[in-house]
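Before any comments, here is the structure.
The values are calculated or read from the model by the stated rules, or taken from the named source; none is laboratory data. Remember, predicted model here, so these are calculated numbers, not experimental data. Because the Cβ atoms are built from the backbone with ideal geometry, glycine has one as well, and the counts that use them run over all protein chains shown.
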Ligand code: ADP
């Protein structure tokens, strides 16, 4: 290796080290200019940084080793009309021996002959990953000062500058992204925690401090299980699901320094925040919803309760009227009285069902259970739907196994379950359709089933129909609230039984439920 080659390599190494050790764009640009003036011998140097649309976004100028302020307009003018613009458009370096003889040179007031006059200049493009990211220009007050060696050295500086600018921009955008995500984290209206897989809180946002009343420092000494009333071992139970990328949701109470615990819905999932796997916990405050639910439930219970007694009075008055009607008037009065009686009984069943849904959902047990004769139970239920069966010219079969033992049930509640199923069978079945009610003993249970040959239920909906307010969106479907089957499920389950549906679309539906046999 010759001395010249060695000293060029050493110079390149020095320049590379000087330029690439910093990640701040302003510092990088200042160093590029300092190297250009120090190693190439420029009196004035400028660098312009471009964005991906080739617009100038940053720039720096030094004159006699002093950084001077520049304006965005100055940069734009140089890039549009001056030598830098030509270099950028042609992606080619330019060496100008005499600026006053070259049209590419943008003349400025200070270039006038009586001021600094003719100069020499070199301008090179800065290219990284095949994209122009800037342009570097140096100027010397004496024409014919620069030669091809200066040009090669400046191009080497520009190549190093390209890497340094690219790294600085990358770092800048990473920093900006980090700031943006940090702001999103801090400004979230829900409390957010980042914990490890043992639930130790590593980070908590502003809102979580506000809701829990814990100071930032004290939060990081807590675990999620200290702060929430999660069942013991809950996090361990869900560990593998979380590790596999699943999201877990759970209602819990957040213990607060402010006073009573806050009801929250917790959503947890794994996030990649670095080398250690962490969990993100988002806590949604449920206080307002819970308060509204409680208010609605209380209001509903009050309404159902207060509707029941006047309705009972109407029903007993109608009974009385029935008894007191003289035999001569029965022919005309009876149908009207029947309609009034059946309608009020229907209303009474609906209110009791709504009240039962509310009570059973609240976990109330069915205490009023007695041995109930299956035949009587079925005939009473069938009686309630008989008028509709007759109006629709449907055929109803009853098939009860001989010597069937009594079931242990709240008779009023289970009668309403059967009426609901029969009601649906007549309602959704067409005119002249067939309905059967069957009861038989299976093991130590009695199995009741209500079958129809109506439109049927698609397989996907066979479970959903037992949820509250679920109605299948059929055109011209009969009216309903979607509460009947939800009540049936709650009532049967509360008796220790099971209920399910089987069906083939266009062939019919089959609802089956079981009840325990009454002990002998
Ligand atoms: P509602 O009858 O008030 O809509 P239910 O809870 O009793 O509410 O029933 C839920 C849904 O299940 C009904 O809307 C209907 O789409 C479907 N369904 C229930 N019983 C039958 C049946 N026998 N035949 C066909 N569809 C039925």
* To do: Filter the stretch 506-520 down to residues that are more than 8 Å from the ligand (Cβ to nearest atom) and either under 20 Å from residue 439 (Cα atoms) or touching a strand residue (DSSP E or B) at 6+ places or on another chain (Cβ under 7 Å) (or both), then give me how many there are.
  => 10
* **For residue 489: the one exception among (1) part of a helix (DSSP H, G or I); (2) touching a helix residue (DSSP H, G or I) at 6+ places or on another chain (Cβ under 7 Å); (3) farther than 24 Å from residue 360 by Cβ** => (3)
* Asked: In this structure, is residue 461 out of contact with any helix residue (DSSP H, G or I) (no Cβ under 9 Å at 6 or more places or on another chain) and within 27 Å of residue 354 (Cβ to Cβ)?
  -> yes
* Among 394, 341, 348, which is in the same structural domain as residue 485 (by TED's automatic domain parsing), within 29 Å of residue 490 (Cβ to Cβ), surrounded by 16 or more Cβ atoms within 10 Å (Cβ to Cβ) and free of Cβ contacts under 8 Å to residues at least 60 places away in the same chain? -> 394
* Output the number of residues of the stretch 482-494 satisfying the condition of being over 13 Å from residue 447 (Cα atoms) and either near the ligand (Cβ under 8 Å from one of its atoms) or in contact with a strand residue (DSSP E or B) (Cβ under 7 Å, 6 or more places away or on another chain) (or both). => 8
* **Of all residues in the stretch 401-431 being within 16 Å of the ligand (Cβ to nearest atom) and in a loop (DSSP other than H, G, I, E, B), the one that is farthest from residue 497 (Cα to Cα)** => 431
* Asked: Considering only the stretch 129-164, how many residues are buried (at least 21 other Cβ atoms within 10 Å of the Cβ), out of contact with any helix residue (DSSP H, G or I) (no Cβ under 6 Å at 6 or more places or on another chain) and not in a strand (DSSP E or B)?
  -> 3
* If you go through the stretch 110-128 one residue at a time, do you hit one that is surrounded by fewer than 15 Cβ atoms within 10 Å (Cβ to Cβ) and either within 28 Å of residue 11 (Cβ to Cβ) or not assigned by TED's automatic domain parsing to the domain that holds residue 24 (or both)? -> no
* For the stretch 75-100, enumerate the residues that are surrounded by fewer than 17 Cβ atoms within 10 Å (Cβ to Cβ) and in a helix (DSSP H, G or I). => 76, 77, 80, 81, 89, 90, 100
* To do: Kindly provide the set of residues from the stretch 460-476 that are touching a residue at least 24 places away in the same chain (Cβ under 8 Å) and either within 9 Å of the ligand (Cβ to nearest atom) or within 21 Å of residue 351 (Cβ to Cβ) (or both), ordered by number.
  => 465, 466, 468
* Of the numbered conditions (1) more than 25 Å from residue 393 (Cβ to Cβ); (2) buried (at least 17 other Cβ atoms within 10 Å of the Cβ); (3) within 11 Å of the ligand (Cβ to nearest atom), residue 503 fails exactly one; give the number of that condition. => (1)
* Structure fact -> Conditions (1) modelled with pLDDT of 95 or more; (2) more than 16 Å from the ligand (Cβ to nearest atom); (3) closer than 25 Å to residue 304 by Cβ -> residue 367 fails only (1)
